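A short worksheet on the structure shown next.
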Amino acid sequence: MIDEDLLALFPLELVLVPGEIVPLHIFEERYKLLVNERREGSGEFGIVFSEDSSVHEVGCRAVVAEVLEELDDGRMNILIEGRDRFRVLELVEPDDPELLYLSGRVEPVEDLDDEPSDELLHDVLEVFRRMLVLMEVEQPRPPAGEGPLSFRLVSAVDFGTALKQQLLETLSERSRLETLQTVMETLIPRLELRKSREDAIRGNGKGY
């Protein structure tokens, strides 16, 4: 029985952002139960970043986008899709943590009215393209789709869970893009050095 006042929570060592699609391997009994309860229709559950035996307050609602594979023992390979953000107000522990999942009372998390300028959007997309070129991505284009650009960019490239969680908690698209721009501009010299070394190894220069 699903309690409509509670959101089922799935703590993981990953961060999900709105619009992102992520594969999961489901093997624990409590999460087999969770997925089976919500795979029909549009039932949502919450993904929260778990580290050091605790969960972060801000997470992302998710739905089961597709069941890729079901094994005889009930294990599943699935795709989940990120929806809206939420903040955990209260954690509700299950009676049997081995068989039942964690739940929480939550509230929505919404951005402030702080839209980025066209100049910022242009600059962020340009440094993102430069980064992809240095990473030798065949088609260095920004990810398509709806929703905030910051979440689309952080879904396309692995910047690490700490930064991803920071962006998930940030209530301004402008601030998220400024943070990403700074991080990418810091990464560019390192990527240039790595590419130079790789070119030398391939015979395009002299490596010592």
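Each value in this text was obtained by applying a stated rule to the coordinates, not by laboratory testing. Everything numeric in this text was worked out from a predicted model, so none of it was measured. Cβ sites come from the backbone with ideal geometry, for glycine too, and all protein chains shown count toward neighbours.
As I understand it, the dipole of segment 7-108 uses +1 on the Cβ of Lys and Arg and -1 on the Cβ of Asp and Glu, about the Cα centre. Which of L100, V48, L33 lies farthest toward its positive end?
V48
Note down the relative contact order for the chain as a percent, whole number, built from C-alpha pairs under 8 angstrom at least six residues apart.
20
With r as the distance between the Cβ atoms of A65 and E126 and R0 = 41 Å, compute the FRET efficiency 1/(1 + (r/R0)^6) and round to 0.05.
Numbers: r = 31 Å, r/R0 = 0.77.
Here the calculated transfer efficiency is 0.85.
Of all the Cα-Cα pairs you can form in the chain, what percent are over 31 Å apart?
Numbers: 6692 of 21528 pairs.
Roughly 31 percent, rounded to a whole number.
Charges at C-beta only: +1 for Lys and Arg, -1 for Asp and Glu. How large is the resulting dipole of segment 7-108 about its Cα centre, in Debye rounded to 20?
Numbers: 10 positive and 23 negative charges, 86 e Å.
Roughly 420 debye, rounded to the nearest 20.
Only four residue types carry charge here, +1 at the Cβ of Lys and Arg and -1 at the Cβ of Asp and Glu. Report the dipole size of segment 118-201 about the Cα centre in Debye, rounded to the nearest 20. Please list the in-between numbers first.
Numbers: 11 positive and 15 negative charges, 47 e Å.
Dipole size: approximately 220 debye.
With the radius of gyration and the Kirkwood radius both derived from the Cα set of segment 1-89, what is their ratio Rg to Rh?
Details: Rg = 12.4 Å, Rh = 13.3 Å.
So for segment 1-89, dividing Rg by the Kirkwood Rh gives 0.94.
For every helix of n ≥ 4 consecutive DSSP H residues, a contribution of -39,500 (n - 2.57) applies; sum these over the chain, divide by its total residues, and give [θ] at 222 nm rounded to the nearest 500 deg cm²/dmol. Working shown, then result.
On the way: 5 runs with 73 residues, N = 208.
-11500 deg cm²/dmol, from helical runs alone.
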